[in-house]
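Below is one structure; the comments refer to it alone.
The values are calculated or read from the model by the stated rules, or taken from the named source; none is laboratory data. Please read all numbers here as calculations on a predicted model, not as lab measurements. A quick note on method: Cβ atoms are made from the backbone with ideal geometry, for glycine too, and the neighbour counts reach across all protein chains shown.
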Amino acid sequence: MKPETSLTFLGTSTSTGVPVIGCRCNVCCSDDPRLTRTRSSIHLQTPDFSVLVDTGPDLREQALRENLTQVDAVLYTHAHLDHITGFDELRAFCWHRDAPLPLYGSAACLAELKRMFNWAFLPTNVYRGYVKPDPIETAGPFQLGKLTVTPVPVIHGSIETQGYRFDYPGAPSIAYLPDVKTIPAQSQALLEDIPILIIDSLHRREHATHMNLTEALATSGQLRARQVYLTHLSHELDVTEAENELPDHIQFAYDGLKLNFPLDAPA
């Protein structure tokens, strides 16, 4: 079997999850499994690293569903609650490791993690199996084995937010932008002609801090992305209807979708 990298969509929902508590809309009442969504997160597996992006409140459910048993590093996009409040579930990935768990994020995001989960960062946290974080500020590109990770700053309301670009030798480059309203020019330069773009597409109507479907499609065209997956979706968007409007190279992501890349695939 050829070695490969893979990307799994652990969750593809906006902050409410889908179905939404108390909602009786067609999407929330649907029995289509693609319309049941947990909070947005991905897992990237290379031959030598298991990388988790964000730790939302559904992390335990996601890890059990995907049989995720090892995490070597966690990347954070920003400190909104739907992206960090599963932090304590990281204990399950620390029970059999002695080294601290690297956590990558902006200075602002790491500061919020330290504020909310202060117990984990204290010098008194010496018990085996507890989360022992190694916070690392993402000041520029960094390596996780052969995987090059490049932070991609984006605009998402007033909170400091970044997506990530992933480059692994022999595999197509991937950009992950789950929470974004606009992309600054310097960040666009990191994304032009990207083989795989995963981008925020909340719903059809205008939103102050997220791209809607129209904006996501326009942005992917401007970047000349070759393959596009739309994520961070709300219950207002019935993808079973809207998917008929999409070009062939664009599709809605769903929980559990896995992308596999043999390492001799064209970059």
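Some notes on this structure:
- Tally of residues being more than 18 Å from the chain's Cα centre (by Cα) and within 11 Å of Thr182 (Cβ to Cβ) across region 209-218: 1
- Summed over region 99-145, the residues that are farther than 25 Å from Pro47 by Cα, under 24 Å from the mean Cα position of the chain (by Cα) and of a type in the set (Lys, Arg) give a count of 2.
- Contacts under 6 angstrom Cβ, first residue in region 10-33 being over 19 Å from Gly256 (Cβ atoms), partner in a helix (DSSP H, G or I), 6 or more apart: Ser15/Asp82
- Test: residue in region 19-35 that is of a type in the set (Gly, Ala, Ser), touching a helix residue (DSSP H, G or I) at 6+ places or on another chain (Cβ under 7 Å) and either farther than 16 Å from Glu66 by Cβ or at pLDDT 95 or above (or both): no
- Ala139 under 25 Å from Leu190 (Cβ atoms) and at pLDDT below 95: yes
- Leading residue by the ranking (farthest from Ile84 (Cα to Cα)) among those in region 29-67 that are among the hydrophobic types (A, V, I, L, M, F, W, C) and surrounded by fewer than 19 Cβ atoms within 10 Å (Cβ to Cβ): Cys29
- Among the residues making up region 214-234, those that are buried (at least 22 other Cβ atoms within 10 Å of the Cβ) and outside any strand (DSSP E or B) are Ala216, Thr219, Ser220, Ala225, His232, Ser234.
- Candidates are the residues of region 167-201 that are assigned to a loop (DSSP other than H, G, I, E, B) and of a type in the set (Gly, Ala, Ser); the one that is surrounded by the most Cβ atoms within 10 Å (Cβ to Cβ) is Ser201.
- Listed here are the strands (runs of 3 or more DSSP E) enclosed by region 119-161 that have at least 3 residues being surrounded by fewer than 18 Cβ atoms within 10 Å (Cβ to Cβ): 133-137.
- If you filter region 77-89 down to residues that are farther than 11 Å from Leu113 by Cβ and not in a loop (DSSP other than H, G, I, E, B), you find that the one that is nearest to the chain's Cα centre (by Cα) is Asp82.
- For region 255-264, the criterion of being free of Cβ contacts under 8 Å to residues at least 24 places away in the same chain, over 17 Å from Val18 (Cα atoms), surrounded by 17 or more Cβ atoms within 10 Å (Cβ to Cβ) and not charged (D, E, K, R) is met by no residue.
- Scanning region 92-113 for residues that are loosely packed, with under 14 Cβ neighbours inside 10 Å, of a type outside the set (Gly, Ala, Ser) and not in a loop (DSSP other than H, G, I, E, B) yields a count of 0.
- Once region 23-76 is narrowed to residues that are assigned to a strand (DSSP E or B) and polar (S, T, N, Q), the residue that is farthest from Thr148 (Cα to Cα) is Ser41.
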